[in-house]
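Structure first, commentary second.
The values are calculated or read from the model by the stated rules, or taken from the named source; none is laboratory data. All figures in this text were calculated on a predicted structure; none of them were measured in a lab. A quick note on method: Cβ atoms are made from the backbone with ideal geometry, for glycine too, and the neighbour counts reach across all protein chains shown.
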Ligand SMILES: NC(=O)c1ccc[n+]([C@@H]2O[C@H](COP(=O)([O-])OP(=O)(O)OC[C@H]3O[C@@H](n4cnc5c(N)ncnc54)[C@H](OP(=O)(O)O)[C@@H]3O)[C@@H](O)[C@H]2O)c1
């Protein structure tokens with residue numbers, strides 16, 4: 001099979017022929033149609049978290065995929081050959097990722113793909129969609145009558161966070177560059193703030209009664225502190241991009257690291273099929289353009305999602 005191979009950290013990916021994986025007990029072989037690209041893919045290619053996540057070269061990167069079940073292993077009875085599936089495919093070891101024509105996964109990683117979208121759109125959902133879901137629902141416990149501030153609202157994760165918060169019935173204040181405000185209004189944001197031209201905390205105070213109940217930081221760095229400055233008394237701050245060092249004493253802070261969860265992915269599928277969640281794709285790349293896709297995600301200014309197709 002063809003795969004994008006990383007031979008060493010800090011090197012470009014190379015498209016090579018490699019062995020198709022063999023399905024084992026409780027596992028499913030999936031023919032991958034598309035693989036969503038996330039900032040973590042580029043970070044991993046530079047050795048990020050290499051002391052925490054075991055890895056073995058050559059590495060096939062990629063944690064997001066949508067595809068078709070090709071074979072089911074012994075006792076893997078949940079899916080049938082030919083069924084369309086999607087998954088957040090982060091395994092305990094970094095070696096066999098989704099930037100390849102095939103992958104073998106334990107069946108517990110897989111969910112049925114939403115029927116009303118194509119493979120490119122479906123492959124863009126799992127990592128970013130689950131991150132938003134676990135941050136604002138599981139960790140953030142967002143309530144219907146609450147206001148959420150989303151920092152980094154126009155990116156992959158923010159795009160899902162805005163829509164999930166509107167599904168919940170909450171008020172959404174979205175922070176992004178001005179050029180992305182129309183995009184965010186279309187997704188349902190109630191108010192937009194331009195972090196380049198406006199003081200976010202001052203604007204939030206004008207829009208709310210003393211601040212927001214929940215701030216979700218998908219940017220990190222100095223922006224995490226901006227999130228803390230926007231909280232009302234007893235407000236909660238959730239970040240996916242910072243561990244919260246240097247925040248004011250007593251800040252109710254949680255860091256979230258997204259976990260595979262096929263039950264939550266099933267719920268997201270229902271929301272996509274109901275038309276509640278849209279999956280805006282900025283650009284689809286061919287496998288042999290994978291390094292361009294990595295360059296784009298490394299800009300930190302992708303709007304919506306980018307995807308590599310394996311068709
Ligand atoms: N902990 C986890 O489990 C987890 C999971 C997923 C992602 N992450 C991390 O979370 C971050 C976001 O991921 P992503 O997939 O959403 O990235 P992305 O698709 O690259 O989006 C980045 C977005 O950030 C916006 N942005 C940049 N600087 C900003 C600022 N100062 N204030 C507000 N918005 C700003 C950009 O908007 P403009 O173009 O409008 O500037 C862009 O839309 C990355 O660092 C990623 O590694 C962590």
Residue within region 92-115 that is in contact (Cβ under 8 Å) with a residue 40 or more places away in the chain, within 12 Å of the ligand (Cβ to nearest atom), touching a helix residue (DSSP H, G or I) at 6+ places or on another chain (Cβ under 7 Å) and more than 20 Å from residue 278 (Cβ to Cβ) present: no
Selection from region 193-212 of residues that are touching a strand residue (DSSP E or B) at 6+ places or on another chain (Cβ under 7 Å), closer than 20 Å to residue 301 by Cα and free of Cβ contacts under 8 Å to residues at least 40 places away in the same chain: 193
Sole exception among (1) under 13 Å from residue 229 (Cα atoms); (2) within 11 Å of the ligand (Cβ to nearest atom); (3) in contact (Cβ under 8 Å) with a residue 60 or more places away in the chain for residue 152, by number: (1)
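Suppose the filter is in the same structural domain as residue 284 (by TED's automatic domain parsing) and more than 10 Å from the ligand (Cβ to nearest atom); does residue 119 pass it? Show your work before the answer.
Details: in the same structural domain as residue 284 (by TED's automatic domain parsing): yes; more than 10 Å from the ligand (Cβ to nearest atom): yes.
Against the criterion (in the same structural domain as residue 284 (by TED's automatic domain parsing) and more than 10 Å from the ligand (Cβ to nearest atom)), residue 119 qualifies.
For region 1-119, which fully contained strands (runs of 3 or more DSSP E) count at least 2 residues that are closer than 18 Å to residue 290 by Cβ?
Values: elements: 2-6, 14-17, 27-37, 55-60, 64-72, 84-88, 94-96, 102-106, 110-112.
In region 1-119, the matching strands (runs of 3 or more DSSP E) lie at 2-6, 14-17, 27-37, 55-60, 64-72, 94-96, 102-106.
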Candidate set from region 249-274 (those that are closer than 21 Å to residue 90 by Cβ and outside any helix (DSSP H, G or I)); member that is farthest from the chain's Cα centre (by Cα): 254
Selection count, region 122-149, where residues are within 16 Å of the ligand (Cβ to nearest atom) and closer than 30 Å to residue 15 by Cβ: 9
Considering residues of region 283-311 that are part of a strand (DSSP E or B) and surrounded by 15 or more Cβ atoms within 10 Å (Cβ to Cβ) only, the residue nearest to the chain's Cα centre (by Cα): 305
Some residue of region 290-311 being within 12 Å of the ligand (Cβ to nearest atom), at positive phi and at pLDDT 95 or above: yes
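For the condition crowded, with 17+ Cβ neighbours inside 10 Å, at pLDDT 95 or above and over 26 Å from residue 272 (Cα atoms), what is the one hit in 165, 153, 218, 201? Can you show your working first?
On the way: 165 fails: over 26 Å from residue 272 (Cα atoms); 153 fails: over 26 Å from residue 272 (Cα atoms); 218 fails: over 26 Å from residue 272 (Cα atoms).
Exactly one of 165, 153, 218, 201 is crowded, with 17+ Cβ neighbours inside 10 Å, at pLDDT 95 or above and over 26 Å from residue 272 (Cα atoms), namely 201.
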Selection count, region 244-276, where residues are crowded, with 18+ Cβ neighbours inside 10 Å, in contact (Cβ under 8 Å) with a residue 40 or more places away in the chain and within 15 Å of the ligand (Cβ to nearest atom): 7
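Quick grid of which residues meet (1) in contact with a strand residue (DSSP E or B) (Cβ under 9 Å, 6 or more places away or on another chain); (2) in contact (Cβ under 8 Å) with a residue 24 or more places away in the chain; (3) within 12 Å of the ligand (Cβ to nearest atom); (4) farther than 15 Å from residue 142 by Cβ:
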| site | (1), (2), (3), (4) |
| --- | --- |
| 167 | no, yes, no, no |
| 174 | yes, yes, yes, no |
| 191 | yes, no, no, yes |
| 214 | yes, yes, no, no |
Any hit, region 11-21, residues being surrounded by 14 or more Cβ atoms within 10 Å (Cβ to Cβ), within 16 Å of the ligand (Cβ to nearest atom) and within 22 Å of the chain's Cα centre (by Cα): no
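Which is more than 19 Å from residue 217 (Cβ to Cβ) and within 11 Å of the ligand (Cβ to nearest atom), of 178, 196? Give the derivation first.
Values: 196 fails: more than 19 Å from residue 217 (Cβ to Cβ).
None of the others qualify; the one that does is 178.
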